[in-house]
Amino acid sequence: MSGNRFARRRGRIRLGMVGGGEGAFIGAVHRIAARLDDRYDLVAGALSSEPARAARSAALLGLDPARSYADFTDMARSETVRPDGIEAVSIVTPNHMHAPAIRAFLDAGIHVICDKPLTTTLAEALSLREAARVSGLVVALTHTYTGYPMLRQARAMVRNGDLGEIRIVQVEYAQDWLATKLEDGGNKQAEWRSDPARSGAGGSIGDVGTHAFNLAGFVTGLEPDALCAELTTFVAGRRLDDNAQIMLRYENGARGSLWCSQVAIGNENEVSLRVYGSKGSLEWTQRDANQLVWSSLDQNRQIITRNGAGADESNRRASRVPAGHPEGYLEAFATLYREVAEAIVAMRPGRSLAPETLFPTVDDGVKGLAFIDAAIRSSIAGGVWTRL
């Protein structure tokens, strides 16, 4: 069925969205990212579990009322039989709805782009990976920071051996927006993120810690085999962690540290990575996202800029504007959507996938849940070394 259906598609990819209606933050980000490179048309949505809100949200986005759904299962079932039905869907719901939505659209033969984390438990993540494998469809995860040009160059430099053998990895993601108990004041985002039933067993570690973990692995290519974690809840009465400090042991003998927090006052979205090898080191921070600090043994520190002197092909591939003009979070997000579009188009008859196409997949989702699972087990046991 899939081959004939996709063969009828030309031009932009028809996109649907689950979640992301009124009051949602990340849905608007996904929609901007999908539009930026003109690769998608948003044509259908189940934008809220509340029918009235779903209808209002669809009207504001200019969707055909006939393609505004109150339920994502109805959307998957209806869109798959339309000659102009969606080819891909963005899932931007709270975490606990990721798994059922992913399954519904995979069963309907529709590619999936899902916000992270993949789901709420490791067992469910493993089951989703198998479902994705059986379907043969694209299942992408929007770990945004992997779309930054300078981090793509950092990845390439590690793989080229510029740093030598990796010895130390330090990654951080600090926020301050949950420094008070916002979940008691009607803040929708704080409410579901602090609710174990909707967020999963991880608080800050699931929300931003998985980003940090994914970023370290994306750049270094290293997989930790054990960690030692202390998860803390600083705000009284909060049901999930709001701070985590974690030590990592990597398979090659490297050592790492990961800090994530949502109560670190003075930090809005402070993401940083430092990688030290036997021949050199790299440093990147989201505050200066268009720069990569490169230090080689016995040489002065250098600053490599986006699309400027020292930029490599992986950097230029993810860049859109000339050197000296800043690119940031939305462009990084859009890079993932563009790469996913390449993968979807490559599945049409007569097309093939360029080897440089790069985006987080369901495998990265499984790794993220394994990280959360091990960190929680380690912390509960008193901060003991725990295998992933």
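The values are calculated or read from the model by the stated rules, or taken from the named source; none is laboratory data. None of the values given here were measured: they were computed from a predicted structure. Glycine gets a Cβ as well: all are built from the backbone with ideal geometry, and neighbour counts include every protein chain shown.
Descriptive notes on the structure:
- Those residues of the range 52-94 which are surrounded by fewer than 16 Cβ atoms within 10 Å (Cβ to Cβ) and aliphatic (A, V, I, L, M), in sequence order: ALA52, ALA59, LEU60, ALA66, VAL81
- Being closer than 30 Å to LYS188 by Cβ, out of contact with any strand residue (DSSP E or B) (no Cβ under 7 Å at 6 or more places or on another chain) and of a type in the set (S, T, N, Q) holds for only one residue in THR121, THR93, and it is THR121.
- Comparison of LEU141, LEU163, LEU118 shows that the only residue that is crowded, with 21+ Cβ neighbours inside 10 Å and not assigned by TED's automatic domain parsing to the domain that holds ARG82 is LEU163.
- The one condition in (1) within 18 Å of the chain's Cα centre (by Cα); (2) surrounded by fewer than 17 Cβ atoms within 10 Å (Cβ to Cβ) that ALA156 fails to fulfil: (1)
- Hey, SER281 surrounded by fewer than 22 Cβ atoms within 10 Å (Cβ to Cβ), farther than 23 Å from ALA381 by Cβ and either among the aromatic types (Phe, Trp, Tyr) or in contact (Cβ under 8 Å) with a residue 12 or more places away in the chain (or both) or not: yes
- Selection count where residues are surrounded by 19 or more Cβ atoms within 10 Å (Cβ to Cβ) and β-branched (Val, Ile, Thr), scope the range 123-138: 1
- Helices (runs of 4 or more DSSP H) lying entirely in the range 167-224 (those with 1 or more residues that are touching a Leu at 6+ places or on another chain (Cβ under 9 Å) and surrounded by fewer than 18 Cβ atoms within 10 Å (Cβ to Cβ)): 188-193, 196-199
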